[in-house]
Amino acid sequence: MRSLCRRLRLHPYLMVFVANLLVALVSFCPFILRGKGLFTLCADFNSQELAFNMLCNSAIKSGDVLWNWGLDIGSDLISSMSFYNLGSPFFWLSLIFPASVFPWLIGWIFTLKYAVAGLTSYLFFQRYVSRRSAFLGSMLYAFSGFQCCNLLFYHFHDVVALFPLLVVGLDLLLREKRRGFFLAAVAINALVNYFFFIGEVIFLVLYVLIRFVLCAGKPYFKRFVQVVSACVVEGTLGVGIACVLFFPSIYSVIANPRVSDHMSLADNLVFDASNYLQMLRALFFPAEIMNSMTAVMDWNFYSIALYLPLTGIALVLCYLFSRRHERWLVLMLGLCTLIALCPFANNVFVLFTSEPYRRWYYMFIFFLVFATIQVFDAPDRYPWRHTIAASFVISIGITVYLYLHPDMIRRPSRLALISAVGIGGYCLLFLLFQLLRRNRKWFFRSAALLTAVFCVLTTAMNIEFYYKAFSDTPASSQEVYNEAIGSSQPLSNQLPYRYHFWDVMNRGMPAGLSERSSFTSTVSSSIFTFYDALGIGRHTTSEEGPDGTNELLSVRYYVTLADAPDDSAWMSYSNGSQQVNIYEDTSALPIGFCYDTYMTGSELEAIEPAERAHAMLKTLVVSDEDVDKVSDVLRHYDASVDGEISGESKAADMNRRREACSETFDYGTDFFRSEITSASDQYAFFSVPYDKSWHATVNGEPVEILKVNGLMAVPVSAGYNFIQFRYSPTPLWIGIGLSIFSLILSLIYVKCRRKASVY
């Protein structure tokens, strides 16, 4: 045993990894054991993280890696899922196991992410402080409030775990002129999550300008050119390597309405008072769960969390108010604070989208930790008594203020617990410094133990709070699994017809079913166009829509929970906890039916939203620009001839559509085929999202695909028509080519033995 310990001491990286892993295991294991191996939380975690990983696992192993029919009414797998998991090494590790095992695997992989976050942050911290202080910093970063707050978003933890590699890579490149490390870090982070990566690039630009230009001590212009050239070369090559996912994802997300909806400068210079109070609490108190907050706000999904276990903001203030601080770090923390205080500046990290996300705070936290551990490294050099005492007083003041305003308190008992943990941390921190700072051995041992306890406490608290977010007696993990995953397990795809589940929680996704709705914001942008045309819009979920929407989207099977089996149901079974009945609409239209009339998009906008789905069943709705393309084939809709648009005419309209449709439907990851016999020249409509990568032929002849309210239509002739769509995603092929080319250039660049000569 002693021999093993000696060996481990020679490997501090292993010690840091194991220590953080153990803290994570102590935090998670009670809940994994309570779930008998299953790990569940609530809301987004149960309905997204489990479903997305199971879907992608199955899709990759079955080869459905281009167009995936299990993503809403169909979407490109890479552009839809690269935000969540496709580029994550943790996801690729899970591919060792069958998709069905993932709900039992997710808790253990979660703990691994914490261990990696601790290790990667340690790689940077140990360059500037003692190993002991760096060890403390690794836990503070890995188990920060941002991590606790975002337990609901499993994929955020991949980003937090790997971000420090970028800072380490910059250090090696700009301070030691060592090639390749920053390049590799850029490639890894760009692959893991393209959207967070863009924010990281902006943050690192600020970091480089402050530390390596403004505070470098060399002539400004010369230093600027040298540093920028060094970063650009490796950064460009790193992004190039990641283009296999990065390029098609960016190409797709540009068209997403959530990205193009920008905030204005004039109306977003300051937050309201409640936001500032919540930000103050986020600095001094443990993080709260987003969908059930204790005070000020009832819920908030913007990730407002900056707390460091045990220390809070106390030692950061200590560092800032000392005379021994480094100018660049003070400027960096000051700039981050100013950015956090202004909504418009805050949103620079999400390209000024309208949502005031604080999901860049993990980078801010990284440097808060860096300041904190420098005080741990040499406490007698810093005014720790005053700042810890001030932090204690401020935290008491915030708590008293809230209790003097009971209308601001949402959950009193939980507020008392969180306040006690935060205030208690400052008391223990003061005692630690007062009693043990001169005995370095016991000081660090005690600091490590207290930090680990607070890491476990704050993490476990939020796991429990999320688990009980909506009820003091929530469903067990097995019951959650049965409902979220088991409800679709006996089913298989029935295309050209779709399923409709009782709520929009991705219940069909783990089985890869084509269902007409989904809970995800990264599906094909054309799906957003479709819901905009209906007049209801789409944010993160596909809405129910007005009457006629299900019929337009070829829904035939309605999946519901029931008290008992129903003889009239198409299928009945138990998901393990509840009865599931599926009802069949035998009058449903298959995907692919024809129209002989049209109306324009402008005319559709003049119709009440409640009737727009009926209008789409009545006649083909084409954009105003496409009228000339269809007018030779289709007749303009005339209410006096074709009948009024209303729910009463829905059945007749569906019968009219059924005159030229077919249940012959073959599909795969890069194609679908249909056969339609038409009495005249018409347009065949397919409720498949439009994408420029789709190409169509009718009877072997290429035809132009019309974008019809985000979906697709092609011309067909009188008689038999064999219609074939091919999906060839040009952005993906370009991305693959750029990745291969960049990888070759990178190998050449790294193989050059001389050190970088850019400065």
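The table below gives the values:
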quantity: Residue among A230, A266, A295 that alone is farther than 21 Å from G334 by Cα, among the hydrophobic types (A, V, I, L, M, F, W, C), modelled with pLDDT of 95 or more and over 23 Å from the mean Cα position of the chain (by Cα); calculated: A295
quantity: Of residues in the range 670-686 being within 21 Å of T619 (Cα to Cα), in contact (Cβ under 8 Å) with a residue 40 or more places away in the chain and assigned to a loop (DSSP other than H, G, I, E, B), the one most open to solvent (accessible area, probe 1.4 Å); calculated: D681
quantity: Some residue of the range 465-479 being open to solvent by 50 Å² or more (accessible area, probe 1.4 Å), among the acidic types (D, E) and more than 30 Å from Y690 (Cβ to Cβ); calculated: yes
quantity: Any hit, the range 653-666, residues being of a type in the set (D, E, K, R), in a strand (DSSP E or B) and under 39 Å from the mean Cα position of the chain (by Cα); calculated: yes
quantity: Residue count for the range 483-520, restricted to those that are among the hydrophobic types (A, V, I, L, M, F, W, C) and in a loop (DSSP other than H, G, I, E, B); calculated: 6
quantity: Tabulated pairs, the range 167-192, first without any contact (Cβ under 8 Å) to a residue 12 or more places away in the chain, second open to solvent by 10 Å² or more (accessible area, probe 1.4 Å), C-beta under 6 angstrom, 6+ apart or interchain; calculated: L172/R178; L172/F181
quantity: Sole exception among (1) in contact with a helix residue (DSSP H, G or I) (Cβ under 6 Å, 6 or more places away or on another chain); (2) on the phi > 0 side of the Ramachandran plot for F352, by number; calculated: (1)
quantity: Yes/no for N57 being over 14 Å from T522 (Cβ atoms), among the polar types (S, T, N, Q) and under 16 Å from the mean Cα position of the chain (by Cα); calculated: no
quantity: Of the criteria (1) open to solvent by 20 Å² or more (accessible area, probe 1.4 Å); (2) modelled with pLDDT under 95; (3) touching a helix residue (DSSP H, G or I) at 6+ places or on another chain (Cβ under 9 Å), which one F344 fails; calculated: (3)
quantity: Sole exception among (1) of a type in the set (S, T, Y); (2) open to solvent by 20 Å² or more (accessible area, probe 1.4 Å); (3) closer than 26 Å to F197 by Cα for S79, by number; calculated: (2)
quantity: Odd one out for P689 among (1) farther than 19 Å from G719 by Cα; (2) in contact with a Phe, Trp or Tyr (Cβ under 9 Å, 6 or more places away or on another chain); (3) in a helix (DSSP H, G or I); (4) open to solvent by less than 10 Å² (accessible area, probe 1.4 Å); calculated: (3)
quantity: Tally of residues being farther than 14 Å from A390 by Cα and surrounded by 24 or more Cβ atoms within 10 Å (Cβ to Cβ) across the range 297-319; calculated: 7
quantity: Contacts under 8 angstrom Cβ, first residue in the range 294-315 being among the basic types (K, R), partner assigned to a loop (DSSP other than H, G, I, E, B) and buried (at least 22 other Cβ atoms within 10 Å of the Cβ), 6 or more apart; calculated: none
quantity: Filter result (without any contact (Cβ under 8 Å) to a residue 40 or more places away in the chain and open to solvent by less than 10 Å² (accessible area, probe 1.4 Å)) within the range 320-341; calculated: L333, C336
quantity: Residue tally, condition open to solvent by less than 20 Å² (accessible area, probe 1.4 Å), under 20 Å from R175 (Cβ atoms) and either among the aromatic types (F, W, Y) or in contact with a Lys or Arg (Cβ under 8 Å, 6 or more places away or on another chain) (or both), over the range 187-229; calculated: 4
quantity: Tally of residues being hydroxyl-bearing (S, T, Y) and open to solvent by less than 20 Å² (accessible area, probe 1.4 Å) across the range 347-356; calculated: 1
quantity: Hits in the range 284-295 - residues which are surrounded by fewer than 24 Cβ atoms within 10 Å (Cβ to Cβ) and not small (G, A, S); calculated: N291, M293
quantity: Every residue from the range 142-163 that is open to solvent by 10 Å² or more (accessible area, probe 1.4 Å) and more than 11 Å from the chain's Cα centre (by Cα); calculated: L162
quantity: Unique match (being closer than 25 Å to F671 by Cβ and touching a strand residue (DSSP E or B) at 6+ places or on another chain (Cβ under 7 Å)) among R556, R507; calculated: R556
quantity: Lone unmet requirement of (1) outside any helix (DSSP H, G or I); (2) open to solvent by less than 40 Å² (accessible area, probe 1.4 Å); (3) touching a Ser or Thr at 6+ places or on another chain (Cβ under 8 Å) for R359; calculated: (2)
quantity: Pairs with Cβ under 6 Å, 6+ apart, first in the range 521-537 and aliphatic (A, V, I, L, M), second open to solvent by less than 10 Å² (accessible area, probe 1.4 Å); calculated: V523/L71; V523/D72; V523/S75; V523/S80; I527/D72; I527/P689
quantity: The range 489-505: number of residues that are crowded, with 22+ Cβ neighbours inside 10 Å and at pLDDT below 95; calculated: 0
quantity: Matching residues in the range 424-445 - criterion: being assigned to a helix (DSSP H, G or I) and either within 23 Å of L151 (Cβ to Cβ) or open to solvent by less than 30 Å² (accessible area, probe 1.4 Å) (or both); calculated: G424, G425, Y426, L429, L432, F433, F443, F444
quantity: Residue that is farthest from F366 (Cα to Cα) [pool: residues in the range 110-133 that are open to solvent by less than 10 Å² (accessible area, probe 1.4 Å) and among the aliphatic types (A, V, I, L, M)]; calculated: A115
quantity: Elements of type strands (runs of 3 or more DSSP E) contained in the range 521-620, each with 2 or more residues being farther than 23 Å from H636 by Cα and open to solvent by less than 20 Å² (accessible area, probe 1.4 Å); calculated: 555-562, 579-584
quantity: Selected residue (only one of L136, L105 is crowded, with 24+ Cβ neighbours inside 10 Å, of a type outside the set (F, W, Y) and touching a Ser or Thr at 6+ places or on another chain (Cβ under 7 Å)); calculated: L136
quantity: The one condition in (1) in contact (Cβ under 8 Å) with a residue 60 or more places away in the chain; (2) within 21 Å of E551 (Cα to Cα); (3) not hydrophobic (A, V, I, L, M, F, W, C) that G735 fails to fulfil; calculated: (2)
quantity: Conditions (1) modelled with pLDDT under 95; (2) assigned to a helix (DSSP H, G or I): number failed by L315; calculated: (1)
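The values are calculated or read from the model by the stated rules, or taken from the named source; none is laboratory data. Remember, predicted model here, so these are calculated numbers, not experimental data. All Cβ positions, even for glycine, are placed from backbone atoms using ideal geometry, and neighbour counts span all protein chains on display. With ligands, DNA and RNA removed, areas are computed over all heavy atoms of the protein, side chains included. Shrake-Rupley method; radii C 1.70, N 1.55, O 1.52, S 1.80 Å.
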